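Peer 1: Here it is, the structure, as structure tokens.
The values are calculated or read from the model by the stated rules, or taken from the named source; none is laboratory data. All values reported here derive from a predicted model rather than from experimental measurement. Quick reminder, even Gly has a Cβ in these numbers, built from the backbone with ideal geometry, and neighbours come from all protein chains shown. Note: accessible area is taken over every heavy atom of the protein model, side chains too, but ligands, DNA and RNA are not part of it. Shrake-Rupley method; radii C 1.70, N 1.55, O 1.52, S 1.80 Å.
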Amino acid sequence: MIKPVLSVITVVYNNVEHIERTLLSVINQTYDRIEYIVIDGGSTDGTLVIINKYASNIQRLVSEPDKGIYDAMNKGMALATGDYVLFMNSGDEIHAPDIVVSVFAAAPDADIYYGETEMINAQGESLGQRRHKAPDQFTWRDFKYGMSISHQAIYIKKSLVKPYAPEYRLSADIDWILQAAKQAKKIVNVHGYVAKYLVGGMSKAKHKQSLLERFAIMRKHYGLVPTLFNHVVIAFNLGWYWLQHRRTND
């Protein structure tokens with residue numbers, strides 16, 4: 001059986017502090033059928049100097065201004081020629097060098113593979129597992145109480161994905177995953193950590209806008225009344241977690 005090609009896409013803009021960790025986590029994978037695509041937004045802080053150190057390991061590199069993170073991600077997806085796509089943006093990491101091998105060894109020809117995500121801080125130190133644990137068997141309905149699988153921990157067959165919706169500036173990844181999951185016939189849990197996620201980012205910096213977008217996306221997929229009820233549950237779960245841990249670990 002021919003092993004599938006995985007297109008890994010990294011989007012970055014002026015992130016000289018963290019980009020190298022992300023690059024190395026992809027380049028050092030033991031899986032030998034990875035197409036690596038890096039989309040830089042025209043960085044001026046030295047990020048490109050680091051990227052160019054690894055140019056021989058990057059199949060496609062674009063550096064130019066964009067209209068935001070999802071515009072950049074759409075550029076990467078348009079260039080991808082692999083069977084599956086994985087977004088590993090600057091600051092995030094594939095969890096260990098053998099992860100891609102283990103993901104595709106979990107089961108043949110799935111539409112979606114997914115796993116758990118470890119949260120890390122700016123120093124690369126572990127903050128533990130996400131508050132939202134990945135469901136044992138994921139379906140599109142499992143996002144109704146929050147994004148139970150992180151963007152960095154889901155491998156989706158390219159034939160199932162569409163461009164990110166431009167109307168969402170901060171939470172289009174939720175809509176993107178749900179659109180694909182609704183079409184998927186075979187979804188496989190690989191049962192383990194597959195990614196590291198650097199806490200923070202634009203959705204934290206613009207939290208109110210992010211929440212409004214998330215509500216709109218949930219309403220689109222689940223309906224208004226169920227979404228209102230589900231958000232009561234989300235708020236309760238968040239408050240209870242914070243009381244126990246004094247952090248949210250989203």
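Peer 1: Just to be sure I understand: if I project the alpha-carbon convex hull of segment 14-53 onto a plane and average over all orientations, what area do I get in nm²? Mind showing how you got there, number by number?
Peer 2: Numbers: hull surface 11.5 nm².
So the mean shadow area of the Cα hull is 2.9 nm².
Peer 1: Out of segment 15-54, which GluC sites (Glu not before Pro) are coil in DSSP terms and have no more than 16 other C-beta atoms within 10 Å? Provide the component values of the computation, followed by the final result.
Peer 2: Values: sites: GLU17, GLU20, GLU35; in loops: GLU17.
Answer in residue order: GLU17.
Peer 1: At q = 0.15, 0.21, 0.22 Å⁻¹, what is the base-10 log of I(q)/I(0) for segment 64-173 according to the Debye formula with one equal point scatterer per Cα and no solvent? Please give it to two decimals.
Peer 2: -0.76, -1.47, -1.55
Peer 1: Compare HIS132, HIS191 by solvent-accessible area with a 1.4 Å probe and give them largest first, with all protein chains kept in place.
Peer 2: Details: HIS132 35, HIS191 140 Å².
The ordering from most to least exposed comes out as HIS191, HIS132.
Peer 1: Using a Debye calculation, one point per C-alpha and no hydration shell, please list log10 I(q)/I(0) for the chain at q = 0.08, 0.09 Å⁻¹ in order.
Peer 2: The calculated log intensity ratios at q = 0.08, 0.09 Å⁻¹ are -0.29, -0.37.
Peer 1: Could you tally the net charge around GLY223, taking each other residue with its Cβ under 14 Å from the Cβ of GLY223, Lys/Arg +1 and Asp/Glu -1? It would help to have the intermediate numbers written out before the result.
Peer 2: Numbers: positive: ARG141, LYS144, ARG219, LYS220; negative: none.
Local charge sum for GLY223: +4.
Peer 1: Still on this structure, please answer the following. Starting from the coordinates of the alpha-carbon atoms of segment 15-122, obtain the Kirkwood hydrodynamic radius over all distinct pairs and give the value in Å to one decimal. Walk me through the numbers before you get to the answer.
Peer 2: Values: mean 1/r = 0.0672 Å⁻¹.
Taking the inverse mean of 1/r over all distinct Cα pairs, segment 15-122 comes out at 14.9 Å.
Peer 1: With the full set of protein chains in place, find how many percent of the accessible area of segment 34-152 is carbon and sulfur; take the probe as 1.4 Å. Intermediate results must be reported in sequence, preceding the final value.
Peer 2: On the way: 2380 of 4830 Å².
The value for segment 34-152 is 49 percent carbon and sulfur by accessible area.
Peer 1: Among residues other than VAL62 whose Cβ falls under 13 Å from its Cβ, what is the net charge (Lys/Arg +1, Asp/Glu -1)?
Peer 2: Working: positive: ARG60, LYS75; negative: ASP40, GLU64, ASP66, ASP71.
Neighbourhood net charge equals -2.
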